[in-house]
1. State yes or no: is Val81 closer than 11 Å to Gly10 by Cα and either at pLDDT 90 or above or open to solvent by less than 80 Å² (accessible area, probe 1.4 Å) (or both)?
2. How many residues does region 27-38 contain that are surrounded by fewer than 13 Cβ atoms within 10 Å (Cβ to Cβ) and either within 15 Å of the chain's Cα centre (by Cα) or of a type outside the set (Asp, Glu) (or both)?
3. Do we have Ile4 as open to solvent by 70 Å² or more (accessible area, probe 1.4 Å) and among the β-branched types (Val, Ile, Thr) here?
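The values are calculated or read from the model by the stated rules, or taken from the named source; none is laboratory data. Values in this document were obtained by computation on a predicted structure and should not be read as measured data. Ideal geometry is used to build each Cβ from the backbone, glycine not excepted, and the neighbour counts take in all protein chains shown. We work out accessible area using only protein heavy atoms, side chains counted, and drop any ligands, DNA or RNA first. Shrake-Rupley method; radii C 1.70, N 1.55, O 1.52, S 1.80 Å.
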Amino acid sequence: MVGIYCAVAGCWELYGGKSSKHRFPNPKKFPELFQKWIEICENPEFNYKTHEEIYNTCRVCSKHFTANDFQENNILKRTAVPHVNVAASQGTSSGKENRPVPSHTEQGQDIGISSIETETSSEGKENIPVLSEDFQDITLTSV
């Protein structure tokens with residue numbers, strides 16, 4: 001079974017890891033704040049989920065908040081917004097370039113490759129991209 005990762009694009013913090021995870025604001029009660037979290041996370045998977053699905057299944061890890069964002073007992077303040085280690089367009093670096101590719105996938109799982117160009121070899125055969133077993137390298141193979 002694949003674990004649940006932090007909803008911030010590029011963050012590989014696994015649910016159940018060292019940092020705590022926090023639910024999105026309720027989209028029915030706090031629609032503006034919910035939308036702000038969506039924008040900050042820049043997660044492309046949100047394009048395919050309803051607000052209710054995001055609220056019920058997605059979490060943001062505590063690495064994206066400061067101590068001032070919390071009340072006692074590790075509870076986020078109602079007005080807290082993720083702002084630490086978020087996407088570059090939000091003003092700080094997400095560190096995406098330093099994140100490893102997960103070493104586990106299930107069949108059909110998106111591994112973050114949106115498109116790859118194919119080439120034609122000198123023999124007229126098409127070269128297609130093939131992902132290595134460890135999911136680290138892509139090579140072109142003639143077919």
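1. no
2. Just the residues of region 27-38 that are surrounded by fewer than 13 Cβ atoms within 10 Å (Cβ to Cβ), to begin with: 28-29, 31-32.
Next, from what is left, pick out any that are either within 15 Å of the chain's Cα centre (by Cα) or of a type outside the set (Asp, Glu) (or both): 28-29, 31.
Looking only at that region, the number is 3.
3. Numbers: open to solvent by 70 Å² or more (accessible area, probe 1.4 Å): yes; among the β-branched types (Val, Ile, Thr): yes.
So Ile4 passes the test.
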